[in-house]
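> Here it is, the structure in full.
The values are calculated or read from the model by the stated rules, or taken from the named source; none is laboratory data. None of these values were measured; they are calculated from a predicted model. A quick note on method: Cβ atoms are made from the backbone with ideal geometry, for glycine too, and the neighbour counts reach across all protein chains shown. For the accessible areas, the whole protein counts, side chains as well, though only heavy atoms, and no ligand, DNA or RNA atoms are used. Shrake-Rupley method; radii C 1.70, N 1.55, O 1.52, S 1.80 Å.
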There are 2 protein chains.
Amino acid sequence: MGRWEPNARDRLERAALALFAEHGYDATTVAQIADRAGLTKSTFFRHFADKREVLFGGQDMLMELFTGAIQAAPPTATPADCLAEALAAAAVAFTPERHDLAPRRQAVIAAHSELQERELLKRARLAAAMAEALHARGTEDVTARLAAQLGVLAFSTSYARWADPGNQRPFTEIARATLSDLQVRAASLAAGA
Amino acid sequence: MGRWEPNARDRLERAALALFAEHGYDATTVAQIADRAGLTKSTFFRHFADKREVLFGGQDMLMELFTGAIQAAPPTATPADCLAEALAAAAVAFTPERHDLAPRRQAVIAAHSELQERELLKRARLAAAMAEALHARGTEDVTARLAAQLGVLAFSTSYARWADPGNQRPFTEIARATLSDLQVRAASLAAGA
């Protein structure tokens, strides 16, 4: 078996999600995941540090997409513009082909308190990274942190809406509408409502 | 030695912070903390589950103060009113007598990446609890989560300002000004700035 396995990462992810659903997250081993995917353990470890990374590895990519888009935004872009750019950049991770994986991933996390904490922590890190990227372009620190929280909430709300099994709309469209909606809600909170 | 030790919790906290500063967080043991405070290890464990709780135990109390204030707010209170009530309720934890502990606590956390993650996670949990308390009073889910993020950011910013060694202003006053300031910034972000 050669080192190159077509779609190995995707196959491992699908195998892991199926096994987590069948036997629970804790009872599933890396050996079982590799076996179900028809791959070796060493192939697994070329793609993921451990089985938890099957669920959360995508968030590191997301952080790079978000911060990269903020860095690349034109100098005249406002913090709100940067959030829109960041969400648009994230869309590459949420293609129609990956749509069926999202509710399965969410079900595994929802059933496991340690994984829920991991998800909270990953989102907090995402917010910290976005705040830093905004601050690096000259946004005042407190505004940068507020914008980052708004951005992460817009992302997590968009992701949940996109992941809904009945959803047919592309991520970009959902994210754009969600960000606008959150801006309206923020204006209302700001007015004391 | 009787079971009742006057100010035991405070003495243990001060001893722990002194030892963390002198020898580092990892190198400090519970036995050393108890010894420095002139108390026993079993007295330590009546107040804290472990040495990490010396740094983070206060956050559980804070969560209760925040959610309690949101629950107790009058039915006509808006989400923004609830945030103001929550921050005002938290002030009991930030008295002038405890002011000198805050920068020492922050220095220990800032020097240790695992503790920084713990702080991020505790804040994310605080936001989740506030969102739930707002949602329970009828605030729509997404607005509740946005308000909770604003509230936690107002809290963490206020705490950092209050903890500044040069600060003389009481927490309540700082928190009120910080929340208003964040509302202005939120309005500006909402307007696309």
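> Along the range A:50-59, what does the Karplus equation 6.51 cos²θ - 1.76 cosθ + 1.60 (θ = phi - 60°) give for ³J(HN,Hα), rounded to whole Hz, x for Gly and Pro?
Couplings: 6, 5, 5, 5, 4, 7, 10, x, x, 5 Hz.
> Quick one: divide the alpha-carbon radius of gyration of the protein assembly as shown by 2.2 N^0.38 Å and tell me what you get.
So the Cα radius of gyration is 1.09 times the expected 2.2 N^0.38 Å.
> Right, next: Let me have the 222 nm mean residue ellipticity of chain B computed from DSSP H runs of 4+ only, each contributing -39500 (n - 2.57), with the sum over all residues rounded to the nearest 500.
Value at 222 nm, helices only: -24500 deg cm²/dmol.
> What is the calculated FRET efficiency for residue A:29 to residue A:107, with r their C-beta to C-beta distance and R₀ = 22 Å, to the nearest 0.05?
Between residue A:29 and residue A:107 the formula returns 0.65.
> Given a cut-off of 27 Å, name the pairs among A:122/B:51; A:51/A:122; A:41/B:122; B:51/B:122 whose C-alpha atoms lie farther apart than that in the structure shown.
The pairs that break the limit, which is 27 Å between Cα atoms, are A:41/B:122.
> Kindly write out, for the range B:174-180 in residue order, the coupling ³J(HN,Hα) from the Karplus curve 6.51 cos²θ - 1.76 cosθ + 1.60 (θ = phi - 60°), rounded to whole Hz, with x marking Gly and Pro.
3J(HN,Hα) across the range B:174-180, in whole Hz: 4, 5, 5, 5, 5, 5, 4.
> Right, next: Could you tally the net charge around residue A:48, taking each other residue with its Cβ under 9 Å from the Cβ of residue A:48, Lys/Arg +1 and Asp/Glu -1?
Computed value for this residue: +1.
> Between residue A:167 and residue A:100, what is the spin-label point distance in nm, taking each point 7 Å from the Cα along the Cα→C-beta axis?
Placing both labels 7 Å beyond Cα along the Cβ direction yields 1.8 nm.
> Report the Stokes-Einstein translational diffusion coefficient (µm² s⁻¹, integer) for the range B:113-179, Rh taken as the Kirkwood radius over Cα pairs, at 25 °C with viscosity 0.890 mPa s.
Approximately 190 µm²/s, per Stokes-Einstein.
> Further question: Kindly compute the accessible surface that chains B and A hide from a 1.4 Å probe when together, both sides summed, and give it to the nearest 100 Å².
Summing both chains' loss of accessible area gives about 2800 Å².
> Indicate the gyration tensor shape class of the range B:31-155 (rounded, prolate or oblate), computed on the Cα atoms with a ≥ b ≥ c the square roots of the eigenvalues: a/c under 1.5 is rounded; otherwise a/b larger than b/c is prolate and the rest oblate.
Because a/c hits 1.5 or more and a/b exceeds b/c, the range B:31-155 counts as prolate.
> Using the Karplus curve 6.51 cos²θ - 1.76 cosθ + 1.60 with θ = phi - 60°, work out ³J(HN,Hα) for each residue of the range B:78-89 in order, rounded to whole Hz, and write x for Gly and Pro.
In residue order, the calculated couplings are 7, x, 5, 4, 4, 4, 4, 5, 4, 5, 5, 5 Hz.
> Would you mind putting B:121-130, A:23-32 in packing order, based on average other-beta-carbon counts within 10 Å, highest first?
Most protected by this proxy first, the peptides run B:121-130, A:23-32.
> Kindly tabulate the residues in the range B:107-143 with an accessible-area decrease of at least 30 Å² between the chain alone and the assembly of all protein chains, using a probe of 1.4 Å.
Those are B:117, B:120, B:121, B:124, B:125, B:142, B:143, which lose 30 Å² or more relative to the chain on its own.
> Give the carbon-plus-sulfur fraction of the accessible surface of the range B:21-139 in %, rounded to a whole number; probe 1.4 Å, heavy atoms of protein chains only.
Reported share for carbon and sulfur atoms: 55 percent.
> Just to check, using Stokes-Einstein with a Kirkwood Rh over alpha carbon pairs, what's the diffusion coefficient of the range B:1-90 at 37 °C and 0.692 mPa s in µm²/s?
Roughly 220 µm²/s, to the nearest whole number.
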